[in-house]
1. Taking the solvent-accessible surface of protein heavy atoms with a 1.4 Å probe, what is the per residue accessible area of segment 1-80 in Å²?
2. So if we plug the beta-carbon distance of SER157 and ASP16 into 1/(1 + (r/R0)^6) with R0 = 30 Å, what FRET efficiency do we get, rounded to 0.05?
3. Search the structure for amide H atoms under 5 Å from the amide H of LEU105, placed 1.01 Å from N in the peptide plane, and list their residues when 5 or more places away or on another chain.
4. Which residues' amide hydrogens lie under 5 Å from the amide hydrogen of ARG158, considering only partners 5 or more residues apart or on another chain, with H built in the peptide plane?
5. For an R0 of 22 angstrom, estimate the FRET efficiency from the Cβ-Cβ distance between ASP41 and ILE128 and round to the nearest 0.05.
6. ALA6: net charge of surrounding residues, Cβ under 15 Å, Lys/Arg +1, Asp/Glu -1, itself excluded?
Amino acid sequence: MPLVRAAIAIGTNLGDRAHLLHAAVDDLAALPGTYLLAVSDAVETAALRVGVVEPGPAYLNAAVVVSTSLAPRELLCCLHDIEAHHGRDRRAPRGSARTLDLDLLLFGNQIIDDRPPHAEPSDRGGLIVPHPHLHERAFMLAPLAQIAPNWVVPGRSRSVAELLAALGPAT
């Protein structure tokens with residue numbers, strides 16, 4: 001497969017967050033056929049669930065851009081392996097505190113939805129790119145805007161920076 005640019009969000013709110021964030025970046029850079037192009041600064045945000053602040057440890061968030069020869073599903077599997085290596089339990093309820101959360105935000109200019117037919121929108125088994133909530137989550141957009149502000153999000157026809165600006169200052 002030719003090299004494709006991909007954007008990945010990193011979040012952590014348990015344990016040594018700074019160490020976990022740096023370890024995740026190192027693990028991403030070590031993936032086969034994958035080259036680290038850019039890493040954002042870390043941004044601390046409150047824990048959120050569907051836009052509502054939740055009690056619990058704050059998140060440390062960052063974003064990376066890589067160039068990879070991995071297919072989208074292969075890359076997603078690698079992200080899940082890295083999460084598991086750092087203690088993430090994907091069976092925990094959605095929105096639970098976690099040691100590491102890696103989300104595939106963008107994969108080139110592709111739009112992918114490989115969920116099974118008739119799957120619920122919340123089905124965790126499918127791959128959806130761009131990330132279905134990227135356009136409404138400042139904690140994903142802000143770090144990504146540091147390193148890829150002009151990347152036009154497929155299906156939104158707006159750049160990362162434009163989507164972040166549209167959220168306004170309160171997000």
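The values are calculated or read from the model by the stated rules, or taken from the named source; none is laboratory data. Predicted, not measured: the structure shown is a model, and the values here were computed from it. Reconstructed Cβ throughout: ideal geometry from the backbone, glycine too, with neighbour counts over all protein chains shown. Just the protein is used for accessible areas: all its heavy atoms, side chains included, with ligands, DNA and RNA removed. Shrake-Rupley method; radii C 1.70, N 1.55, O 1.52, S 1.80 Å.
1. Using a 1.4 Å probe on heavy atoms only, each residue of segment 1-80 averages 47 Å².
2. So the FRET efficiency works out to roughly 0.15.
3. ALA7, ILE8, ALA9
4. Placed amide hydrogens put VAL153 under 5 Å from ARG158.
5. For ASP41 and ILE128, the calculated efficiency is 0.25.
6. -1
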